[in-house]
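Below you'll find the structure, written out as structure tokens, and then a few comments.
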Amino acid sequence: MFIYLYKTEQIKENITDKVDFAKLHQKIKKRLTSQETFALLDVIYSGEKYYDGRLLTEYEKRKSRDIAIFTTYLGTGIRVSECVGLDIDDVDFKNDGITVTRKGGNQMVVYFGDEVRMALENYLETTRAATTPLPDHENALFLSMQRKRIGVQAVENMVKKYARVVTPGKKITPHKLRSTYGTNLYRETGDIYLVA
């Protein structure tokens, strides 16, 4: 109303120019604390509080896959699209690295530590070896329960389900796990260029 009256010259001066507006603070990004990260991994490893009786069988079937996905996220900081796009051949245990396809199609080797190595080896030797993928999905590293390459939405839902048990007040997504990795890497190294 004021703008209309000012533009039609029914009000002669803009008195709002004299008003100081409150500073808008940037929204604080929610990341997992170290305790929350350990608690999240504990829920994934034990299944405690995550399943009820009817979901236990389902949880046991995908436990090693879920551990491998979460450990890979928290140990490498890759994007969800890069994770679901991984093929078995992209994992190089000789050099402890995975070849990821970045935005724009560029490929890059991302190195991982012992925890990621053990989780990936366990998954490949158990769940993945026991699953016969559907045609055109034979090379996919991570498979869904339908024996197809797991999708972005499925991983996002999985992260939300586990995280809801540990951090009911925070909305944790795969990108938050990526931010957690970046924050932890910066705290350990103090090198922002390495994080970038």
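Peptides 168-176, 74-82 ordered by packing proxy, namely the average of other Cβ atoms within 10 Å per residue, highest first: 74-82, 168-176. Under 15 Å of direct C-alpha separation, and excluding same-chain neighbours fewer than eight residues apart, Lys7 reaches these aspartates and glutamates: Asp17. Exceeding 31 Å between C-alpha atoms, which entries from my cross-link table qualify? They are Lys63/Lys171; Lys18/Lys176; Lys94/Lys148; Lys148/Lys171; Lys18/Lys171; Lys103/Lys171. Those over the limit are Lys18/Lys176; Lys18/Lys171.
Ratio of Rg to Rh for region 62-111: 0.95 [Cα atoms; Kirkwood radius as inverse mean 1/r over pairs]. Mean projected area of the Cα convex hull of region 97-196, taken over all directions, amounts to 8.3 nm². Share of carbon and sulfur in the accessible area of the chain stands at 52%, probe radius 1.4 Å.
Between Thr126 and Glu60, the contour length at 0.36 nm per residue exceeds the alpha carbon distance by 22.6 nm. If the chain linking Asn14 and His175 were pulled fully straight, counting 0.36 nm for each residue of separation and taking away their Cα-Cα distance, it would gain 53.5 nm. Adding -39500 (n - 2.57) for every DSSP H run of four residues or longer, then dividing by how many residues the chain holds, sets the calculated 222 nm ellipticity at -14500 deg cm²/dmol. A Förster distance of 41 Å, applied to the separation of the beta-carbon atoms of Ser34 and Asp136, puts the FRET efficiency at 0.50. Based on the reciprocal of the average 1/r between different C-alpha atoms, the Kirkwood radius for the chain equals 19.3 Å.
Excluding ligands, DNA and RNA, the accessible surface per residue across the chain is 66 Å² with a 1.4 Å probe.
The values are calculated or read from the model by the stated rules, or taken from the named source; none is laboratory data. All values reported here derive from a predicted model rather than from experimental measurement. Neighbour counts run over all protein chains shown; Cβ positions are idealised from the backbone, glycine included. For the accessible areas, the whole protein counts, side chains as well, though only heavy atoms, and no ligand, DNA or RNA atoms are used. Shrake-Rupley method; radii C 1.70, N 1.55, O 1.52, S 1.80 Å.
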